[in-house]
Amino acid sequence: MPNYSIPSDVFFRAAEQFPTPFHLYDEKGIRGTAQQVNAAFTWQPDFKEYFAVKALPNPQILNILRQEGCGTDCSSETELLMAERCGFSGKEIMFSANAMPAREFELARRLGAYINLDDISDIDLLRDHGGIPETVCVRYNTGGTFKMNGNQIMGNPGEAKYGWTREQLTPGLKRLKELGARRFGLHAFLASNMTDPGYYPALAGILFSAAAELEKEAGLPCAFINLSGGIGIPYTRDVPPVDIRRVGQDVRGEYERVFGSPGAGKPGIKTELGRYMTGPHGFVVTRAVHEKKIYKDYIGVDACAVQLIRPAMYGAYHEISVAGKEDAPRDHLYDVTGSLCENNDKFAIDRMLPEIHPGDLLVIHDAGAHAFAMGYQYNGRLRTAEILYTRDGAFRLIRRAETPEDYFATLVW
Ligand SMILES: *Cc1c(COP(=O)(O)O)cnc(C)c1O
């Protein structure tokens, strides 16, 4: 079920204060989710969620998550610098990148971050650019297909560009040991937007067993297992939200099966959730500006794929509601479109909605992750503002809208 926790008067009030379109983020919701994730793993004394910055790269959001005990998972120089400017340092930062320039290793080492090596060749790159730290994480690609629930295929790691093969892990960790590493972390990301609560436990089972084998084979103790991101959110009405408490308990079951009870000297657990943390707590607030009846009925809105590209890019479903018309019958069939000269710029295709008139305020749900962040400037349509709906009910601008001058600023005239 998409997130309907914010009453429509909140969107009306925000739209009185700020011109549409904008992204609105619910601080209370984000804090609540962070608290639930931490509560689900209290059984593990060495647990930390490293929020995947790429999902919602805004300093105010990172500050909120930091107050809730989260770190950052960064994948580029810019994300590392943003984390640094927010005050994250050392083991509050995970650096998980691939095919990155060598200087990013140097920056990550200067910040004291955990570094997650995407490839066996990264060992030499890191040795020469910042040096091998005492604890170093490696990314495991299990290959083939990732199956759950008997035999259902949930992911296709064999086709993914990430990580090391199982055969590379043992010699690679031995070499890291020769070069001074004292402990290792083990990471894998096998499937995305998994709303099946069995995902993390299944992944954990694979990683815990592999880590126990690798400890013996490489003679290095395991510092932590990094379950990465991938827990999903219900974009559609037929999907229930993930019960994160149960996920935590089931991961614990897997942990105790392999490592016994958690404690000093035993591996910790890290996560790098992005979508699960903020996805449901963000909304694109946009106004219907145009109504068009040709072979189909179109509602044109003032947002476009620049604000949210997931429907255009993946055919992703995002719930749409019309503020103030929550209880009106959904008896009109519309395509809801943006203004780009691209026919895939549609937030909804053949969607039953209440009757919409120009001026109506539309809310696109579950746009708190991989939404603003995937924005671009096609057609000279610019990135718009981000607003925080604070826990005391105020609206705070946390990123201003771009102007044509911003767009022109990098050009050589
Ligand atoms: C994208 C990404 C994440 C976050 O993924 P979600 O699906 O948003 O949870 C975590 N870790 C790494 C390395 C990623 O690339």
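Points worth noting:
- Rounded to 5, the percent of DSSP beta bridges in the chain classed as antiparallel: 45 percent
- Where Rh is the Kirkwood radius over Cα pairs, Rg/Rh for region 191-251: 1.11
- Along the axis of the charge dipole computed for the chain (Cβ charges of +1 for Lys and Arg, -1 for Asp and Glu, origin at the Cα centre), the listed residues T142, F12, H332 are led at the positive end by T142.
- Share of alpha-carbon pairs per 10 Å distance bin for the chain, given as whole %: 5, 21, 29, 24, 14, 6, 1
- Leading residue at positive end of dipole, the chain (Cβ point charges), from G265, C222, N116: G265
- Surface share of carbon and sulfur [accessible, 1.4 angstrom probe, percent] for the chain: 50 percent
- Report note on the peptides 261-272, 339-350, 110-121: ranked by the mean count of other C-beta atoms within 10 Å, highest first, their order is 110-121, 261-272, 339-350.
- Taking the C-alpha atoms of region 351-413, convex hull volume expressed per residue in Å³: 169 Å³
- Rounded D (µm²/s) - region 127-196, Kirkwood Rh over Cα pairs, Stokes-Einstein at 37 °C, 0.692 mPa s: 240 µm²/s
- Debye, to nearest 20: dipole size of region 280-370, +1 on Lys, Arg Cβ, -1 on Asp, Glu Cβ: 160 debye
- Along the axis of the charge dipole computed for the chain (Cβ charges of +1 for Lys and Arg, -1 for Asp and Glu, origin at the Cα centre), the listed residues I132, H365, Q35 are led at the positive end by I132.
- Under 12 Å, Cβ to Cβ, from E84 - net charge with Lys/Arg +1 and Asp/Glu -1: -1
- Per residue value of the accessible surface for region 118-179 (all protein chains in place, 1.4 Å probe), Å²: 51 Å²
- Mean Cα-pair separation over length for the chain, i.e. relative contact order, pairs under 8 Å, 6 or more apart, %: 20 percent
- Per-residue ellipticity at 222 nm from helix content only, as computed over the chain with -39500 (n - 2.57) for each DSSP H run of at least four residues, stands at -8500 deg cm²/dmol.
- Rolling a 1.4 angstrom probe over the protein heavy atoms with all chains in place gives region 280-408 an accessible area of 45 Å² per residue.
- On Cα atoms only, tilt of 8-17 relative to the major axis of the chain in degrees: 80 degrees
- Summed side-chain charge close to F224 - residues other than F224 whose Cβ falls under 11 Å, Lys, Arg +1, Asp, Glu -1: +4
- Computed from point charges on the beta carbon alone (+1 for Lys and Arg, -1 for Asp and Glu), the dipole magnitude for the chain about its Cα centre is near 740 Debye.
- Distance from the C-alpha centroid of region 339-354 to that of region 372-398: 21 Å, rounded to the whole angstrom.
- Which listed pairs, of K147/K270; K28/K147; K174/K266; K147/K174, have C-alpha distances above 26 Å, in listed order: K28/K147; K147/K174
- The chymotrypsin sites (Phe, Trp or Tyr not before Pro) found in region 1-86 include none that occupy coil by DSSP while having at most 11 further C-beta atoms within 10 Å.
- Its residue count N sets the reference 2.2 N^0.38 Å, and the alpha-carbon radius of gyration of region 41-273 equals 0.97 times that reference.
- On Cα atoms only, tilt of 102-111 relative to the major axis of the chain in degrees: 80 degrees
- Within-15-Å neighbourhood charge of L179 [Cβ basis; K, R +1; D, E -1]: +2
- Rg over Rh for region 280-408 works out to 0.96, both radii taken from alpha-carbon positions and Rh defined as the Kirkwood radius.
- Charging the Cβ of each Asp and Glu at -1 and of each Lys and Arg at +1, and nothing else, the dipole of region 319-413 about its Cα centre rounds to 340 debye.
- Once the C-beta distance of Y298 and R103 is scaled by a Förster radius of 41 Å, the resulting FRET efficiency is 0.30 to the nearest 0.05.
- Principal-axis analysis of the Cα atoms of the chain puts helix 244-259 at an angle of about 10° to the longest axis.
The values are calculated or read from the model by the stated rules, or taken from the named source; none is laboratory data. Here the structure is a predicted model, which is why all the values come from computation and not from measurement. Note that we place each Cβ from the backbone using ideal geometry, even for glycine, and neighbour counts take in every protein chain shown. With ligands, DNA and RNA removed, areas are computed over all heavy atoms of the protein, side chains included. Shrake-Rupley method; radii C 1.70, N 1.55, O 1.52, S 1.80 Å.
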